[in-house]
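Take a look at the structure below.
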Amino acid sequence: MASKKINYTPVVEISKLIHAVGRKEFIQHLNKEPLSYRARCLAHCYRCMNFYEDGRVDCMVKDCTLYSIMPYSDKNMSRRRTVRMGQEARKAERDRNKAEVSDGQDDSETL
């Protein structure tokens, strides 16, 4: 007796999905939109972590082939913090420059 192949399509309420890395990619996958390799991996992590219902944490499955790009692994979180701190430093520098320029403009207008 031949077995039938079951076509499983998950039923998901998109409005209830937690906003986390991989959510957008998972929704694109459900809409059958083309995804890049990285987007497919992020969508897989999102689904494998049960839509991060327990929080955005490291899955701790170090033998998973996708663990190196898992968005909430300790290694990737420290990299994200470094980037975020660099962005904050650049923003603070821009704000200082704007303040200096505006201070210089006020002096020239009063002369």
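The values are calculated or read from the model by the stated rules, or taken from the named source; none is laboratory data. Since the model is a prediction, treat every value here as computed from it, not as a measurement. Cβ sites come from the backbone with ideal geometry, for glycine too, and all protein chains shown count toward neighbours.
Worth a mention:
- Conditions (1) at negative phi; (2) exposed (fewer than 10 other Cβ atoms within 10 Å of the Cβ); number of the one not met by residue 55: (1)
- When each of 46, 67, 8, 72 is tested for being of a type in the set (Ser, Thr, Tyr) and modelled with pLDDT of 90 or more, the lone residue that passes is 46.
- Criterion violated by residue 15 - all others in (1) surrounded by 14 or more Cβ atoms within 10 Å (Cβ to Cβ); (2) part of a helix (DSSP H, G or I); (3) not acidic (Asp, Glu) satisfied: (1)
- Test: residue in the range 25-32 that is modelled with pLDDT of 90 or more, over 21 Å from residue 75 (Cβ atoms), of a type outside the set (A, V, I, L, M, F, W, C) and in a loop (DSSP other than H, G, I, E, B): yes
- Residue that is surrounded by the most Cβ atoms within 10 Å (Cβ to Cβ) [pool: residues in the range 22-43 that are of a type in the set (D, E, K, R) and under 20 Å from residue 56 (Cα atoms)]: 25
- Restricting the first member to the range 51-63 and to residues that are touching a residue at least 24 places away in the same chain (Cβ under 8 Å), and the second to residues that are part of a loop (DSSP other than H, G, I, E, B), the beta-carbon pairs closer than 6 Å and six or more apart or on different chains are 51/17; 51/18; 52/18; 52/20; 56/20; 56/72.
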